[in-house]
Amino acid sequence: MCGIVGYVGEKPAASILIDSLKKLEYRGYDSAGICVLNDSLKTYKTTGKIANLESILPEGIEGTIGIGHTRWATHGKPNTVNSHPHLSGDVAVVHNGIIENYLELKEKLIGDGYIFKSDTDTEVIAHLLHSHLYGGIDGVFKLCDLMVAVQKTLLSLEGSYAIAALCSSDPGVMVVARKDSPLVIGIGDGEIFAASDVTAFLKHTKDVIFVDDDEVASIRAGGNVEFFDADGNPVTKETIKIEWYIEDAEKAGYEHFMLKEIHEQASSVQDTFAGKISEMEGAVVLDELNMSDEQIRHMTRIEIIACGTSWNAGLVGKYLFEQLAGIHTDVDTGSEFRYGYPVICGEVLTIAITQSGETADTLAAVRGARSYGCRAIAITNVVGSTITREIDSVLYTRAGPEIGVAATKSFTTQLITLYMLALKFARIRGKISAEDSKNLLVALKKIPADIQKILNRKKVIQECAKQFSDSNDYFFIGRHLNYPIALEGALKLKEISYIHAEGYAAGELKHGPLALLTDKTPVVAIATKGHTYEKMLSNIKEVKARDAVVIAVADEDDTEIEKYVDVVLRVPKSHELLSPILSSVVLQLLAYYTALERGCSIDKPRNLAKSVTVE
Amino acid sequence: MKAIILAAGEGLRCRPLTLTRSKVMLPVANKPILEHAIYSLVENDIKDIILIVGYEKERIMDYFEDGVNFGVNITYIEQKAQLGTAHAVKQTRDFIEPDGKEFIVVNGDNIIEPKTVSDLLDGRGGDATILTFKMEHTIGYGVVIAEGRQVKQIVEKPKADISHLVNTGIYLFNPKIFEYIESTPLSDSGEYAITDALQQMIDAGLEVTMVPTQSRWLDAVYSWDLLKANSTVLDQDHTSNVIGTIEEGAVIKGNVSVGNNTTIRSGCYIVGPVLIGDNCEIGPDVVILPSTTIGNNASIGPFSQIKNSIIMNDARIEAHTFISNSVIGSNNTIGSHFITDEKDNLKIEMIGMLHHADRLGVITGDDIVIGHRVLVKPGVLIGAGCNVESGNIINRELPPNSTVV
């Protein structure tokens, strides 16, 4: 899990590479490096964040072509030697992905006399390139172009990669290639960018080309790019205009991206349903679904595949599909599904949920499901991401770029998409009346304003976070739709504040976890009104009897609950099925302010990366 | 050239609308007042903007972000304690002074047009230039006493009409102003005023000039002044741009704009100037009469009539309502048969004083829920978060979060 960048143009490459790497820091940040070509290769690398790298760079590095890398260690510790770019003679390479057969390749290269400096899998690529270019460790004459050397090298690699390579004997050329790791090319005015993610160069250009698996591209000064497929045949690629604007990736006055993104939910939620619902007709219009009414009626089961926060959203989806549309639904994590023995067939609909569209486990699991002949749809946030090119239909969340590692607006927009999908299925399968559907849509339209209301009153949540920020453990409990929200609340808290937190179905407390409760353990009880409200009250009493502190998330007009709990965090009164969206915003703010109080690195929590493109 | 926009204050006199956002974010012609200022600067090729924010700053930051969608580059500076205009400008010293260039200062809460800014730029002179607006009665405003273009004295809120040149609060400065800001004393009202810094410049013999303008410069002092500002801008700008869907049988006359994903259902009768935002559902059979703006994500039920009013985002208005000369805050849910009564020459109590309003229905804050068949008497202000149950007649101001059973 790493990020790579490359630049070929007329401006000094070093500062552009650093700038781009900063935008990719969410992909990993335990070490970083750049290599700039100007007659010879100049390489700078160090451990830590990009700012560390920036501080060791000398003034005025010349050269208008270069590559860079920010690393999140998989093979070998995060230290300077293991950080990229990796060199072999006059060849430099950066790589994101995992070379599965690297031990075998390494042995052979060592046999050929190559000396390995690092513990990484990537170094084999550098030496392989060198051996193809010069015929061996002692070779002095260049036998082929860098392009050809890359193509030859790729033949022996197994695993996943996005690479960018330079060679000082082939000046003015950068070669990039990809397989199963993201890579995108930006076409500027007389300059070309390459990166793992468009956000790296959006400031410079919005015209991009997505590199597909097994493709290689040769990028030359003056703005020329040529693409070739696995067999070396030239490929014509389509240039796509990216709609995101660069300010979306800036903090715009906020201290942290996470707080900015929490605030953006009022508008991103609205963008996600805009134009897709008709209140008067009680209808949801999802043309991009590409499914006939017949297909929707004959579906026997839904299999949701996701990881992390998206998995929590998927669990909400399960309750919705079952309750609204009467379709049996299972939710699996990508990493479990792909190695399991799934019992699925053609009438099962697979729904993959991934913010980035690049989550390796989810991608592999969906490929697996499709191999059984399942129809698969994706809910994702990134236009043109890998999953969108491998699937039957795509439902986009309109969250805009999410930079904070802790998912916020991507979660709530995923929920909105799931509500719309469930409602659409329910209507077509005749499981919900037009009137009930209309009422749900009326409440859905109110969600943006309801979120704004929570934001207006966030000081109460901040006070609460402060009060309990010293706790070592936190529990989150909820029932029915609020159970996934409890899981998500716990996940947010542990991700960014490093407090041990667990989410439980409230009815499960007595089967074990109750033993852990003391007067030092805050328990967050999500107790908005609904058919399980009374049950929640008895669970709260159960917890109070063990002297634990209870923080309730409750409706603004609930006057009963304050009798039983220590703190009440209010959410606007909404439809029972929709209130989980509002509760999750409250829990995001609770996690944010707790982390703030504890002085944690909120946007870049330790050991975590934004989109996990490794297994 | 860089511009500083002062947008830190609440706008106390615009309550209840400013309980949840500052005055600069109140909509005029479906755009926050501040956006009018930013647009006016962009049109004069001033794109480097420093926004001084404070009260409810998140609402401003969420809307404008880094400014790229508005063609500008915005830097936010938070003024933590609101100690006056000189104090606000002082915060920007590190951003402005190193350039050694002239810069412009604009009040974010006045409604201006591009010409207003170009009048100042074209007429500038001396070390500081004040843009003034000619007015018949200037009591209550800061005025400028000048000989020709030379400013002799700046008088804050005089008791008599001693000058007809109102200080618009729009200035062109060179960095010398910072020296005088440093030595500005705290005024009697407990603030550091930029006008005191200017007076010191004059007293020290520097050249301070003024440019009179008759271009747009509107000030919504009280919440009900928004209606006048709204109708003035609608009348002058002639915007007409229909993107949404107009069903067969709906009639549109005059300058009407309808936003993306909005549906105007059959039988509606809309007479411009009217602006309707994105994602709205209007009708069937709704009458919308001139000088009305409706924000985003609103729905208006059948057989309702709305005229000369501002309806903000996320409003949900049921059937058979009558709304006239009123401002409806965002996220209001209003039941059927809601009626706003209206009257001329009202006296409205606010902050312990009576104030005059020309013609007014009602003003409602954000997040209000009103049941069916509710009548509101003229000039009533309803605070944010109130809940009025069905069948009530509201004849006096409601404090925020009150419930009327």
I'm checking my understanding of the structure. Among residues of the range B:31-51 that are under 16 Å from the mean Cα position of the chain (by Cα) and β-branched (Val, Ile, Thr), which one is nearest to the other protein chains (Cβ to nearest Cβ)? B:ILE38
Could you list, in sequence order, the residues of the range B:59-98 that are in a helix (DSSP H, G or I), within 11 Å of another protein chain (Cβ to nearest Cβ) and of a type in the set (S, T, N, Q)? B:ASN69
Among the candidates A:PHE257, A:PHE227, which residue alone is aromatic (Phe, Trp, Tyr) and in contact (Cβ under 8 Å) with a residue 24 or more places away in the chain? A:PHE257
Pairs needed: first member in the range A:46-67, under 25 Å from A:PRO171 (Cα atoms) and touching a residue at least 40 places away in the same chain (Cβ under 8 Å); second member anywhere, basic (Lys, Arg) and in a loop (DSSP other than H, G, I, E, B); C-beta distance under 7 Å; at least 6 residues apart or different chains. A:THR64/A:LYS11
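Answer with yes or no whether B:ASP127 is closer than 28 Å to B:ALA29 by Cα, touching a strand residue (DSSP E or B) at 6+ places or on another chain (Cβ under 8 Å), of a type in the set (Asp, Glu) and touching a residue at least 40 places away in the same chain (Cβ under 8 Å).
Here the answer is no, as B:ASP127 does not meet what is asked.
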Does the range A:263-270 include one or more residues that are surrounded by fewer than 24 Cβ atoms within 10 Å (Cβ to Cβ), of a type outside the set (A, V, I, L, M, F, W, C) and either in the same structural domain as A:ASN96 (by TED's automatic domain parsing) or more than 30 Å from A:LEU444 (Cβ to Cβ) (or both)? no
Go through the residues of the range A:334-345 one by one and say whether even a single one is at pLDDT 85 or above, of a type in the set (A, V, I, L, M, F, W, C), over 14 Å from the mean Cα position of the chain (by Cα) and not in a helix (DSSP H, G or I). no
Could you go through the range B:165-181 and let me know if any residue there is in the same structural domain as B:PHE64 (by TED's automatic domain parsing) and more than 17 Å from B:VAL208 (Cβ to Cβ). no
Could you grab me the full set of residues in the range A:358-375 that are touching a strand residue (DSSP E or B) at 6+ places or on another chain (Cβ under 7 Å) and outside any helix (DSSP H, G or I)? A:CYS374, A:ARG375
Single match in A:LEU587, A:LEU577 (criterion: crowded, with 21+ Cβ neighbours inside 10 Å, assigned by TED's automatic domain parsing to the domain that holds A:GLN467 and in a loop (DSSP other than H, G, I, E, B)): A:LEU577
Quickly run through the range B:317-351 and pick out the residues that are closer than 18 Å to B:CYS14 by Cβ and within 14 Å of chain A (Cβ to nearest Cβ). B:ILE328, B:GLY329, B:SER330, B:ASN331, B:ASN332
Being buried (at least 21 other Cβ atoms within 10 Å of the Cβ), within 14 Å of chain A (Cβ to nearest Cβ), of a type in the set (S, T, N, Q) and over 22 Å from the mean Cα position of the chain (by Cα) narrows it down to one of B:THR262, B:THR245, so name that one. B:THR262
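Mind telling me which of the residues B:THR239, B:THR232, B:THR293 ends up being β-branched (Val, Ile, Thr), assigned by TED's automatic domain parsing to the domain that holds B:PHE322 and more than 20 Å from B:ILE328 (Cα to Cα)?
Residue meeting the stated conditions: B:THR239.
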Which of the following residues is of a type in the set (A, V, I, L, M, F, W, C), in contact with a strand residue (DSSP E or B) (Cβ under 7 Å, 6 or more places away or on another chain) and under 22 Å from B:THR92 (Cβ atoms): B:PHE178, B:PHE173? B:PHE173
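Just one of B:ILE52, B:ILE33, B:ILE60 is in contact with a Leu (Cβ under 8 Å, 6 or more places away or on another chain) and under 27 Å from B:GLY125 (Cα atoms); which is it?
None of the other options fit; the residue is B:ILE52.
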Take B:ILE154 and decide whether it is in contact with a helix residue (DSSP H, G or I) (Cβ under 8 Å, 6 or more places away or on another chain), buried (at least 21 other Cβ atoms within 10 Å of the Cβ), in contact (Cβ under 8 Å) with a residue 60 or more places away in the chain and among the aliphatic types (A, V, I, L, M). no
Between B:ASP314, B:ASP285, which is within 13 Å of chain A (Cβ to nearest Cβ) and under 23 Å from the mean Cα position of the chain (by Cα)? B:ASP314
Test B:ILE270 against the stated conditions and say whether it is aliphatic (A, V, I, L, M) and within 12 Å of chain A (Cβ to nearest Cβ). no
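Answer yes or no as to whether B:ILE50 is assigned to a loop (DSSP other than H, G, I, E, B), under 19 Å from B:ASN69 (Cα atoms) and at pLDDT 90 or above.
No: the conditions fail for B:ILE50.
For B:LYS115, indicate whether it is charged (D, E, K, R) and assigned to a loop (DSSP other than H, G, I, E, B). Walk me through it before giving the result.
Details: charged (D, E, K, R): yes; assigned to a loop (DSSP other than H, G, I, E, B): no.
No.
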Filter result (in a loop (DSSP other than H, G, I, E, B), within 22 Å of B:GLY365 (Cα to Cα) and more than 14 Å from chain A (Cβ to nearest Cβ)) within the range B:288-311: B:SER291, B:SER304, B:ASN308, B:SER309
Okay, strands (runs of 3 or more DSSP E) sitting entirely in the range A:199-298 with 3 or more residues that are more than 14 Å from chain B (Cβ to nearest Cβ) and farther than 20 Å from A:SER356 by Cβ, I get A:215-220, A:224-228
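The values are calculated or read from the model by the stated rules, or taken from the named source; none is laboratory data. Keep in mind it's a predicted model, so treat the numbers as computed, not measured. So basically every Cβ, Gly included, is an ideal-geometry build from the backbone, and we count neighbours across all protein chains shown.
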